[in-house]
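The values are calculated or read from the model by the stated rules, or taken from the named source; none is laboratory data. Because the structure is a prediction, the values reported are computed rather than measured. Don't worry about glycine lacking a Cβ; one is built from the backbone with ideal geometry, like all the others, and counts go over all protein chains shown.
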Amino acid sequence: MKETSSSCTHSLEHPVTSIRDRLSSSECLPGGVLWGAKASVAVSNLPASSSLECHPSDLLGRSVLLATTDQLATALVLIQADGIADRIVICPPETPPKQFRLLAQKGGVDTVISDHELPDQECLAGLARIHCGSVVRPVKAAQVAHRRTEWVLLSSGTTDVPKMVVHTLTSLMAPIGSATSAPGQVVWGTFYDIRHYGGLQMFLRAVMGGGSLVLSNAPETTGEYLMRLAGHGVTHLSGTPSHWRRALMSPEARRIAPSYVRLSGEIVDQAILNTLHSFYPNAGIGHAFASTEAGVGFEVNDGLAGFPAALLGRHSGVEMKVCNGSLRIRSNCAASRYLDGENGVLADAEGFVDTGDIIEQRGDRCYFLGRRNGVINVGGLKVYPEEVEAVITRHPAVRMSLVRARRNPLTGSLVCAEVMLEAGSQPNGTDGRTTAVIGSEILEICRQSLAHHKIPAILRYVSSLEVAAAGKLIRRL
C-alpha cells in the first residue's frame, strides 16, 4: 500500500498551526504508532498526554534546548512543545556538550529539556531543567494561546560550530503538503535520526499523515534495526546512499519487503539505484534533493540518477536555477534565516538559497558533481570527489568508495580513492580474483569516463568507511 502523497513541492492549503492541533482535529487519521527500541506510543493518545515531568503548558513562551539520547523521547517533546514554546533548539546526538553553552546563548535559551543527566552541568548553569522520557501519562487539556514556534536545526558548517537554521512547522510541512495514508497500512522507517532534517521530514510525514514510524536507536546495529523494521512490517524506508549501502551488507536486509524506498542527503548514483532495484524488485524507488537550509527541492521516481532538466525553472511552487554551476532554490520549504549573523544571509535578495551543489547538464538531464567546497585542485584543474566515486562504484565488485585529496608538491593535490569491496571480491575471495585485477578494471572504467586529471593516482582498499551520524560519508581527514 503506497501512501497518497502530494508532490514534495506543493504548498499547504492552510498554514499549519501546531502538531497537537492537527492530531486533535477530526481530519487526523487514527491508527499510527511511534515505535522506539524499548517503548511505543499510539499517536492518537498524544494530544491528551505528556512525557514531561511538567504539564506541556508550562513551556509557554520558553526557548528550549532539546538534548536527548532517545529518539522516541525526542519525538514526544517536539509534539508537546510545538505551538507552545517560542523556540526549540534541536541538538543532534553527536552534539558535544561543550557546545551547549554557545548554542544556548545564541538561541536565547532559558530551559533545557533532556532525558538524561548532562555530563557538564556548569555549561548550562542558570537555566531551568525539565526531564522527559519515552513513556506518557494522561494530562488535562489546557487552553493556551497558540504560538508560531521556531524550530532551530543544526547544520554542519566549515568550522566546528554548527549553523543554526530557523524553520517553522509550516516550512517543514510544505514538502509534505496534504499527504495522508490509510490508517495502520503505512509504516515508515528511516535510517536518519529525526534530529536531522532528513529524519524530521519522515517523522512529520508519518505522524501528520496518519502512518506509523519505527525509530532507530543509537546503540543497535544496522542489522538489529532491520530486524525491528521487519517485525513491524515496514512499508516505506528512507536513508542516505551510505545508509543503504551499509544496510545492504547485512543479511537482515532480505527480511524486509518495503513497497517504497527513498534516498536523499548524498549524491545518488546509478549503481545504488540498480542495487536497490535488485534487492527490492517490487518497491518503488525514489530519490530527493533536500538540504537543511533550502528544504526539499524535488523528488525523482524514474529509477535514474540525476534529475530531468525540465525541473529547472518554476515547477509546483519551487523555482530552481543554476548560477555559476551551483544549484539555487527558492520555495516555501526553505528555512527563514540563520539564527545569528555569523553565517551570513541564508538567501539572496531574490530569495534563492545557494545550495553549494555543483550541477552539470548533459542533454535533457542534470547530474550532481559534488560540493563546491569539497573540490580537489589538481594542477589548477577541478575534481569533484563525488563524481569520481560514482564512476568507481560502477564496478560490480565495489560496495562503496571515498575520494580524497593527497598533497603533492608538483600538482598541489593528487586524487586518492579508498575502495571498499563486496565481501566475495576480497583478496582470495570466492571469485578467485585479486585486488590488483580489480584495481586495473576500476582504473580502466575511470579512463573511459573521466578526464585524465580526475583519474585516481592512488587506490587503497579498506574494510570499512566511516559514516557520520547524519548518514553521510565523513570526508575530512
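Take GLU342 and tell me if it is outside the structural domain of PRO162 (by TED's automatic domain parsing), among the acidic types (Asp, Glu) and on the phi < 0 side of the Ramachandran plot. Break it down stepwise before answering.
Values: outside the structural domain of PRO162 (by TED's automatic domain parsing): no; among the acidic types (Asp, Glu): yes; on the phi < 0 side of the Ramachandran plot: yes.
Answer is no for this residue.
Entry remark, region 96-150: residues being under 28 Å from the mean Cα position of the chain (by Cα) and assigned to a helix (DSSP H, G or I) number 10 in total.
The set of residues from region 53-71 being crowded, with 21+ Cβ neighbours inside 10 Å and either among the aromatic types (Phe, Trp, Tyr) or more than 18 Å from HIS146 (Cα to Cα) (or both) comprises LEU65, LEU66, ALA67, THR68, ASP70, GLN71.
Find the residue count for region 348-371, including only residues that are assigned to a strand (DSSP E or B) and either of a type in the set (A, V, I, L, M, F, W, C) or farther than 20 Å from GLU293 by Cβ (or both).
Of the residues in region 348-371, the ones assigned to a strand (DSSP E or B) are 353-362, 365-371.
Remaining after also requiring either of a type in the set (A, V, I, L, M, F, W, C) or farther than 20 Å from GLU293 by Cβ (or both): 353, 358-362, 365-369.
The total comes to 11.
Taking each residue of region 400-423 that is within 18 Å of LEU473 (Cβ to Cβ) and looking for partners that are among the aromatic types (Phe, Trp, Tyr) with beta-carbon atoms closer than 7 Å, six or more apart or interchain, yields VAL419/TYR461; LEU421/TYR461.
Hey, among PHE298, PHE279, which residue is in contact with a strand residue (DSSP E or B) (Cβ under 9 Å, 6 or more places away or on another chain), crowded, with 16+ Cβ neighbours inside 10 Å and within 25 Å of LEU172 (Cα to Cα)? Matching residue, one of PHE298, PHE279: PHE298.
Tell me, please, whether a residue that is surrounded by 19 or more Cβ atoms within 10 Å (Cβ to Cβ), under 20 Å from VAL467 (Cα atoms), at pLDDT below 95 and in contact with a strand residue (DSSP E or B) (Cβ under 9 Å, 6 or more places away or on another chain) can be found in region 429-443. The answer is no; no qualifying residue exists.
Reported count of residues in region 243-290, each being of a type in the set (S, T, N, Q) and out of contact with any helix residue (DSSP H, G or I) (no Cβ under 7 Å at 6 or more places or on another chain), is 5.
Quick one: in region 269-284, of everything that is touching a residue at least 60 places away in the same chain (Cβ under 8 Å) and not small (Gly, Ala, Ser), which residue is nearest to THR355 (Cα to Cα)?
Out of the qualifying residues, it is ASP269.
Within region 315-329, restricting attention to residues that are over 21 Å from ARG371 (Cα atoms) and touching a strand residue (DSSP E or B) at 6+ places or on another chain (Cβ under 8 Å), the residue that is surrounded by the fewest Cβ atoms within 10 Å (Cβ to Cβ) is HIS315. Criterion applied to LEU229, LEU237 was being in a strand (DSSP E or B), of a type in the set (A, V, I, L, M, F, W, C) and buried (at least 24 other Cβ atoms within 10 Å of the Cβ), and the one residue passing it is LEU237. Of the listed requirements (1) in contact with a strand residue (DSSP E or B) (Cβ under 9 Å, 6 or more places away or on another chain); (2) of a type outside the set (Ser, Thr, Tyr); (3) modelled with pLDDT under 95, GLU220 misses just one: (1). So which residues in region 440-462 are charged (D, E, K, R) and in a strand (DSSP E or B), if there are any at all? If the condition is that a residue be charged (D, E, K, R) and in a strand (DSSP E or B), then ARG460 is the only one that fits.
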